[in-house]
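*Asks:* Next up is a structure, given as structure tokens.
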Amino acid sequence: MTQIATPALREWIVQQTAAGFSPEQVLSAMVAAGWEAGVAEVTLETTLRDYLRSRAPGADAAVAAPVAPLKASAQAAKSAAGTVPVPTMDLGQSPRMLDAGDRQVTVLSTLASPRVVVLGGLLSDEECDALIAAARPRMARSLTVETKTGGEELNESRTSSGMFFNRGESELIQRIEARIARLVNWPVENGEGMQVLYYGVGAEYKPHYDYFDPAEPGTPTILKRGGQRVGTLVMYLNEPERGGGTTFPDVGLEVAPQRGNAVFFSYDKPDPSTRTLHGGAPVIVGEKWVATKWLRQGVFE
Ligand code: PD2
Ligand code: ZN
């Protein structure tokens, strides 16, 4: 990646700040997108200073305060070797159950690296049925984000069909979003709208990463809205008789799709070293319905 502050990058920094992101959040997004922390810090600082000066000449004293914490943030980003905070569960002392507010969720399996947690009973049978019923009339062939431009495209590696709920669009969606936020200690506002996917016999989702590839030209556009993805929760709404597991090829793991259960995984940098390559194995007998919640670094408006 070219480590030069282009006008587009400067404009992006100003927009992010105007949208209410803190300097620390903007800095984290830049580092996650592949900017070297020191370059990101200087670019952020000079861009904000120039911008504020242009709006209010002589306002240097006021500018100094918000920019001051940047040094410490950049240091933290550097010492963490390009990693960012991710959603987490308190798994110390190996709890059997986690408190998700309105529901106790079972911890079925955990893997430390990559961080994968298989959860039991996240959704009730009634909630699974209600999600399918609400999604069914809105289903269309799945699109994936087109990383060349930041738009969307039909993708042959994904033969499912799907739809997105808007965040908070119904009482059911609000309830589940609040439960997820509590479970993974991550703000509701940082979540994308929940996606429901349907796979018939033979349909699959070939292995992929859920983060946006920093090397793709469309990625800066995508990151303008909430920064990188840092965690994924796939919730199983029904049970195919055969096939349809969620696979993690780098670590030889396959999670069985069981109604009401979920698999959570997180990634602290947009890089294959996170070993979060994962896919949806072909459905062999039956059908498969899942709801996916992707969690962003910042507020997803
Ligand atoms: O349906 C799945 O098992 C699956 C697998 C991989 C879903 C996703 N990725 C996803 O929604 O990102
Ligand atoms: Zn995925």
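The values are calculated or read from the model by the stated rules, or taken from the named source; none is laboratory data. Small disclaimer: the values here were computed from a predicted structure and weren't measured. Positions of Cβ are generated from backbone atoms using ideal geometry, with glycine treated the same way; all protein chains shown enter the neighbour counts.
*Asks:* Of the residues that make up the stretch 219-230, is at least one more than 14 Å from ligand 1 (Cβ to nearest atom), surrounded by 17 or more Cβ atoms within 10 Å (Cβ to Cβ) and small (G, A, S)?
*Replies:* yes
*Asks:* Applying the selection to the stretch 199-252, what residues are more than 16 Å from ligand 2 (Cβ to nearest atom), assigned to a strand (DSSP E or B) and small (G, A, S)?
*Replies:* Answer for the stretch 199-252, where residues must be more than 16 Å from ligand 2 (Cβ to nearest atom), assigned to a strand (DSSP E or B) and small (G, A, S): just G243.
*Asks:* Now a separate question. Any residue at all in the stretch 253-263 that's in contact with a Leu (Cβ under 7 Å, 6 or more places away or on another chain), within 18 Å of Q195 (Cβ to Cβ), among the aliphatic types (A, V, I, L, M) and within 14 Å of ligand 2 (Cβ to nearest atom)?
*Replies:* So far as the stretch 253-263 goes, yes, one or more of its residues are in contact with a Leu (Cβ under 7 Å, 6 or more places away or on another chain), within 18 Å of Q195 (Cβ to Cβ), among the aliphatic types (A, V, I, L, M) and within 14 Å of ligand 2 (Cβ to nearest atom).
*Asks:* For a quick check of your reading of the model, give me the residue pairs whose first member lies in the stretch 242-266 and is without any contact (Cβ under 8 Å) to a residue 24 or more places away in the chain and over 13 Å from L123 (Cα atoms), whose second is surrounded by fewer than 21 Cβ atoms within 10 Å (Cβ to Cβ) and not small (G, A, S), with beta-carbon atoms closer than 9 Å and at least 6 apart or on different chains.
*Replies:* A256/V118; A256/E239
*Asks:* Same structure again: Among G260, G298, which is the only one that is more than 12 Å from ligand 1 (Cβ to nearest atom), in a loop (DSSP other than H, G, I, E, B), among the small types (G, A, S) and within 30 Å of P23 (Cβ to Cβ)?
*Replies:* Numbers: G260 fails: within 30 Å of P23 (Cβ to Cβ).
So the residue among G260, G298 that is more than 12 Å from ligand 1 (Cβ to nearest atom), in a loop (DSSP other than H, G, I, E, B), among the small types (G, A, S) and within 30 Å of P23 (Cβ to Cβ) is G298.
*Asks:* So for the stretch 267-278 (the condition being more than 16 Å from ligand 2 (Cβ to nearest atom) and in a loop (DSSP other than H, G, I, E, B)), does at least one residue qualify?
*Replies:* Here is the first cut: in the stretch 267-278, the ones more than 16 Å from ligand 2 (Cβ to nearest atom) are 268-269, 273.
The next check asks that each one be in a loop (DSSP other than H, G, I, E, B); those that pass are 268-269.
Yes, that holds for at least one residue.
*Asks:* Take A215 and decide whether it is more than 16 Å from ligand 1 (Cβ to nearest atom), within 22 Å of V117 (Cβ to Cβ) and of a type in the set (G, A, S). Give the steps one after another, and end with the answer.
*Replies:* Values: more than 16 Å from ligand 1 (Cβ to nearest atom): yes; within 22 Å of V117 (Cβ to Cβ): no; of a type in the set (G, A, S): yes.
It is false that A215 is more than 16 Å from ligand 1 (Cβ to nearest atom), within 22 Å of V117 (Cβ to Cβ) and of a type in the set (G, A, S).
*Asks:* Identify the residue in the stretch 66-111 that is at pLDDT 95 or above and of a type in the set (G, A, S) and, among all such residues, is surrounded by the most Cβ atoms within 10 Å (Cβ to Cβ).
*Replies:* By that ranking, first place goes to A100.
*Asks:* When the residues of the stretch 279-294 are narrowed to those that are assigned to a strand (DSSP E or B) and either more than 12 Å from ligand 1 (Cβ to nearest atom) or of a type in the set (K, R) (or both), which ends up surrounded by the fewest Cβ atoms within 10 Å (Cβ to Cβ)? Walk me through it before giving the result.
*Replies:* If we filter the stretch 279-294 for residues that are assigned to a strand (DSSP E or B), which is where we start, we get 279-280, 283-285, 288-294.
Then drop every residue that is not either more than 12 Å from ligand 1 (Cβ to nearest atom) or of a type in the set (K, R) (or both), which leaves 284-285, 288, 293.
Details: I284: 12, V285: 10, K288: 27, K293: 25.
Among residues in the stretch 279-294 that are assigned to a strand (DSSP E or B) and either more than 12 Å from ligand 1 (Cβ to nearest atom) or of a type in the set (K, R) (or both), the one surrounded by the fewest Cβ atoms within 10 Å (Cβ to Cβ) is V285.
*Asks:* Among residues belonging to the stretch 279-301 that are under 14 Å from the mean Cα position of the chain (by Cα) and basic (K, R), point out the one that is farthest from ligand 2 (Cβ to nearest atom).
*Replies:* Ranking the candidates gives R296 first.
*Asks:* Which condition number does L183 fail, the rest of (1) within 16 Å of ligand 1 (Cβ to nearest atom); (2) more than 13 Å from the chain's Cα centre (by Cα) being met?
*Replies:* Against the list (1) within 16 Å of ligand 1 (Cβ to nearest atom); (2) more than 13 Å from the chain's Cα centre (by Cα), L183 comes up short only on (1).
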